[in-house]
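Working notes for the structure below.
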Amino acid sequence: MDMKEVERKWQARWEKAKFNNFDEKSDREKKYVLEMFSYPSGAKLHIGHWYNYGPADSYARFKRMQGYNVFQPMGFDAFGLPAENYAIKTGVHPKDSTEKNIATMEKQLRAMGAMFDWSAEIKTCEEDYYKWTQWMFLQLYKKGLAYRKEAPVNWCPSCNTVLANEQVTEGVCERCGTVVVRKNLTQWFFKITAYAEELLSGLDGLDWPEKTKLMQKNWIGKSTGCDIEFDCETGDKIRVYTTRCDTIFGVTYVVLAPEHPLALKITTEDRRAEVEAYIAETAKANEIERLSTAREKTGVFTGAYCVNPLSGKRIPVYLADYVLYSYGTGAVMAVPAHDERDFAFATKYHLPIVQVIENRNGPTELPFVEDGIMIGSLNFDGLYGEEARDEVANRIAKLGKGGKKVNYRLRDWLVSRQRYWGAPIPVIHCPNCGAVPVPEKDLPVKLPYKVEFRPDGKSPLAKCAEFMHTTCPVCGGEAERDPDTLDTFVCSSWYYLRYADPQNTKEPFDRARVNALLPVDTYIGGAEHACMHLLYARFFTKALRDMGYLNFDEPFKRLVHQGVIMGPDGNRMSKSHGNIVSPDEYVEEYGSDAFRLYLMFGFSYTEGGPWNDDGIKAISRFLDRVEKIILKAYEYPDKNAPYGAEEKALDYARNYAIQKVTRDMDAFSFNTAVARLMELCNALYKYEALPVKNNTLFKAAAKDFLLLLAPCAPHFAEELFEKIGGKGFIFEQEYPKENPEKLVLDETEYAVQVNSRIVCRVMIPSGLSDGEIEQRALALPEIAEKLGGKPVKKCIVVPGRLVNLIAG
RNA sequence: GCGAGUAUGGCGAAAUCGGCAGACGCAAAAGACUUAAAAUCUUUCGGGAGAGAUCCCAUAUCGGUUCAAAUCCGAUUACUCGCACCA
């Protein structure tokens, strides 16, 4: 079969018949199958794209044959740093390189032959899309979910922009690996923390990988504790957060983060110089240095004292950068006896260590950080763990000094970027009116083409006078636009909604359409998005629901992560490893179907693994074998007899394959699905070799086989279907359903064990009782010999599998 | 450091609820066809012992539960991923 020609032929026919387009008028049940859209950083599709889209498309086609009205759109996440960095390096404008890359990738995606509904295509960098991204910003702003504040933020000196918390890993920029520094900047944030609790509790109902749910759960980081106020001798109140209020009688000092507003205020004159020096020094430290847990803790005494609200003791106040300003209250009560960090700090600065918790399961070794019995704590003595914390928290609350408090590690999402290639933030800064949102009727705020985007630490748009200069929509006076652009993750937080109504010029989407089509039934993409895109998209969905636009709570009902295809050497594919395998040459030689099928067969889909050149030849051979046997089956004239043991065996193989392939396709267990197809192919060959055949059955089995294979090798299957006289598209055919009667065998082979060791095997007719099966086993000469007259104490029968005789 | 996951032939892997370990392939070997090669077809293919029927060992390591463990429990080792001073 000339696969190149066959692919072109069927792609053209599908296209002409608009066969891949979602049929909105259909009354079949909808199935929204979505793969994460492409980022057009390089021109060509790499193995990762094929591995994501190929098998996922087979799943979508499988669902279509099962009778669902499948919607599978595709688009481009087109804004972002790589295009801009490429522009800085080469001088090619990001818009030009992006459009060129998209054109190439789109061509390749079409050549893949996936069932993408191109009529719904989205490109996030186009005005008719980012207009609505800006609209989203305005709605969040109206709802109080977008706000501007000055805060210490993560700054990547290489990318010349701020980064979200989620984009910093181990203190370095997730994108370029540069060490991130802290800067105080006024930036736009989305209040994702307002949804912390629901983002957490909503995970329970999702059909997502457990690991991904756990990652989000840890990222949100719910912690239940207690706020406690320590009155300062200066009259100020220091509020601390602790999860261990049962240790309050062991507090020997209180620590503020160096950025804490009270830090300088409470500092005594004699300590001022030293404290100022310390604050300056810690401000300089970069995130890597500061976050290193191995690093020796540093701190400084402020000269101030405060009072423990329960014990009345006088307590010194320190500054130390092991306390984070951005979490809790930015201040902690230090209990060196029961916290490892406080213990290290107290040891270094010779502060007292007072034990107030006793191990109830053995000797107490300090620092003792587990739950224990309160001691040296006045009338709280003897209380344990959770109960102890409850009692203490209640007392604190009664004194009006705080009380129970829930905190989350999740921070608000910083969305400003000091970069060019993104959606401009739709805000105008007026000297009289302050930050004013752009009126919706003025959207989009267009991204100008002619801009100097070489980085110098300022937003490139700030240097574009015609963009910046504008009038205030409130007072009409001269004003300036916000020079920053939105994080590209904002664009991808709602694209799955836009697919439902991509050409709408009046609103981002029609509510009825979106609510009919969404949520996404199955979402397929990489695991690296666990705490970024997948979290942000959930936030957007919930926020839009609360604004009345959506009537569902979660965007993605089922989530599947494909694994990673590594280089042949077992390393991640990269230029530096020199181990990149390009799909193009394989597709050229073997065709798209063979390549996809190999990706499905050679790896466990969610695991991935190293690339291996040999397997694809085997797949190509398999397809040849398929072609031969199917054409052969259709050469014989119809003859519906005989129906003996051989026919029964073929019918069993056929129905067994239907049952297993259906189950495996549903479970994204593509490698085993293909294995079952190969088994059926082998069974067909075996049957073909017989001198006398039931041709009608043979043909029916061959046809079922082709239907089962169709989603995995779509062009190939269409071509064969046509050759055997099929009418229309094979994907209009109904997916085969197994006949359970044909799966009942007359007899099954049982393994017969004596004392759990296999002695022999025996065929046993179906439908016998356990007792009858036991009698059959006992009647075997090998068994009688093995038992040697010993009585059988117990007999275990596993239906269809084995008999185990336990003899004394 | 904390959390999670993985570990099965020469290789990719498979094994519903604990029930015949290694399905399906790759590679390899032998044979058939061929002047020859390729392609195709047939057979063998975890390790050890044995002429053989068979027997013993084997799912990272050690131990446990069970009639029965790749699967459950405990400990150990190695690797992968996520978080990382979150009080």
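Which one is nearest to RNA strand B (Cβ to nearest atom), of the residues in the range A:751-782 that are touching a strand residue (DSSP E or B) at 6+ places or on another chain (Cβ under 6 Å) and part of a helix (DSSP H, G or I)? If we take residues in the range A:751-782 being touching a strand residue (DSSP E or B) at 6+ places or on another chain (Cβ under 6 Å) and part of a helix (DSSP H, G or I), then A:Glu782 is nearest to RNA strand B (Cβ to nearest atom).
Sort out which residues of the range A:386-416 are assigned to a helix (DSSP H, G or I) and either crowded, with 22+ Cβ neighbours inside 10 Å or out of contact with any strand residue (DSSP E or B) (no Cβ under 6 Å at 6 or more places or on another chain) (or both), and write them in order of number. Break it down into steps so the answer makes sense when it comes.
Of all residues in the range A:386-416, those assigned to a helix (DSSP H, G or I) come to A:386-398.
Scanning the range A:386-416 gives A:Glu386, A:Glu387, A:Ala388, A:Arg389, A:Asp390, A:Glu391, A:Val392, A:Ala393, A:Asn394, A:Arg395, A:Lys398.
Any residue at all in the range A:432-446 that is crowded, with 22+ Cβ neighbours inside 10 Å, touching a residue at least 12 places away in the same chain (Cβ under 8 Å) and charged (D, E, K, R)? The answer is no; no qualifying residue exists. Of all the numbered requirements in (1) surrounded by 18 or more Cβ atoms within 10 Å (Cβ to Cβ); (2) in contact with a strand residue (DSSP E or B) (Cβ under 9 Å, 6 or more places away or on another chain); (3) farther than 24 Å from A:Thr169 by Cα; (4) not polar (S, T, N, Q), A:Pro568 misses one, and that requirement is (1). When the residues of the range A:397-444 are filtered to those that are under 24 Å from A:Asp487 (Cβ atoms) and of a type in the set (Val, Ile, Thr), the one that is nearest to RNA strand B (Cβ to nearest atom) is A:Val415.
Contact annotation: residue pairs with Cβ atoms under 9 Å, 6 or more positions apart or on different chains, pairing a residue in the range A:607-630 that is closer than 21 Å to A:Arg572 by Cβ and among the small types (Gly, Ala, Ser) with a partner that is more than 6 Å from RNA strand B (Cβ to nearest atom) and assigned to a helix (DSSP H, G or I), are A:Gly608/A:Tyr51; A:Gly615/A:Tyr598; A:Gly615/A:Phe601. Can you name every residue in the range A:219-242 that is near RNA strand B (Cβ under 8 Å from one of its atoms) and at positive phi? Residue satisfying the conditions is A:Gly221 alone.
Which of the residues that make up the range A:237-258 are hydroxyl-bearing (Ser, Thr, Tyr) and either over 39 Å from the mean Cα position of the chain (by Cα) or over 28 Å from A:Ala151 (Cα atoms) (or both)? Please lay out each step first, then the result.
Within the range A:237-258, the subset hydroxyl-bearing (Ser, Thr, Tyr) is A:241-243, A:247, A:252-253.
Within the range A:237-258, A:Thr247, A:Thr252, A:Tyr253 qualify.
Screening A:Arg572 against (1) within 11 Å of RNA strand B (Cβ to nearest atom); (2) assigned to a helix (DSSP H, G or I); (3) basic (Lys, Arg) leaves a single unmet condition, (2).
Meeting the requirement of 3 or more residues that are away from RNA strand B (no atom under 13 Å from the Cβ), surrounded by fewer than 19 Cβ atoms within 10 Å (Cβ to Cβ) and at pLDDT below 95, the helices (runs of 4 or more DSSP H) wholly within the range A:252-323 are A:272-284.
Inspect all residues belonging to the range A:358-380 and state whether any of them is closer than 26 Å to A:Lys237 by Cβ and within 15 Å of RNA strand B (Cβ to nearest atom). Even if it seems obvious, please write down each step before you answer.
Start the filter on the range A:358-380 by keeping residues that are closer than 26 Å to A:Lys237 by Cβ, which leaves A:374, A:376-380.
Then keep just the ones that are within 15 Å of RNA strand B (Cβ to nearest atom); that gives none.
Scanning the range A:358-380, I find no residue that is closer than 26 Å to A:Lys237 by Cβ and within 15 Å of RNA strand B (Cβ to nearest atom), so the answer is no.
Scanning the range A:218-244 for residues that are surrounded by fewer than 17 Cβ atoms within 10 Å (Cβ to Cβ) and out of contact with any strand residue (DSSP E or B) (no Cβ under 8 Å at 6 or more places or on another chain) yields A:Asn218, A:Gly235, A:Asp236.
So A:Ala713 passes all but one of these: (1) more than 16 Å from RNA strand B (Cβ to nearest atom); (2) surrounded by 12 or more Cβ atoms within 10 Å (Cβ to Cβ); (3) among the small types (Gly, Ala, Ser). Which condition number does it fail? (1) is the only condition that A:Ala713 fails.
Yes or no: A:Lys727 in contact (Cβ under 8 Å) with a residue 40 or more places away in the chain, among the charged types (D, E, K, R) and under 30 Å from A:Phe62 (Cβ atoms)? Taking the combined requirement at face value, the residue does not satisfy it. Only one entry in A:Thr104, A:Thr133 is closer than 29 Å to A:Gly457 by Cα and either part of a helix (DSSP H, G or I) or in contact with a Phe, Trp or Tyr (Cβ under 8 Å, 6 or more places away or on another chain) (or both), namely A:Thr133. Consider the range A:187-217 and keep the residues that are over 20 Å from A:Thr329 (Cα atoms) and among the hydroxyl-bearing types (Ser, Thr, Tyr). The one that is surrounded by the most Cβ atoms within 10 Å (Cβ to Cβ) is A:Thr212. Any idea how many residues of the range A:578-605 are outside any helix (DSSP H, G or I) and near RNA strand B (Cβ under 9 Å from one of its atoms)? Residues meeting the conditions: 3. Of the residues making up the range A:324-351, those that are in a loop (DSSP other than H, G, I, E, B), within 11 Å of RNA strand B (Cβ to nearest atom) and among the aromatic types (Phe, Trp, Tyr) are A:Tyr325, A:Tyr327. Residue count for the range A:497-518 under the criterion of being part of a helix (DSSP H, G or I) and closer than 14 Å to A:Tyr130 by Cα: the result is 2. Inside the range A:11-46, residues that are under 20 Å from A:Phe79 (Cβ atoms) and in contact with a Phe, Trp or Tyr (Cβ under 7 Å, 6 or more places away or on another chain) make up a count of 5.
Answer yes if at least one residue in the range A:575-583 is basic (Lys, Arg) and at pLDDT 95 or above, and no otherwise.
First, pick out the residues of the range A:575-583 that are basic (Lys, Arg): A:575.
Applying the additional criterion that residues be at pLDDT 95 or above yields none.
No - not one qualifying residue is present in the range A:575-583.
Restricting the range A:654-702 to residues that are within 15 Å of A:Ser58 (Cβ to Cβ) and away from RNA strand B (no atom under 11 Å from the Cβ), the residue that is surrounded by the most Cβ atoms within 10 Å (Cβ to Cβ) is A:Val661.
The values are calculated or read from the model by the stated rules, or taken from the named source; none is laboratory data. For clarity, every value in this text was computed on a predicted model and none was experimentally measured. Note: ideal-geometry Cβ built from the backbone for every residue, glycine included; neighbour counts use all protein chains shown.
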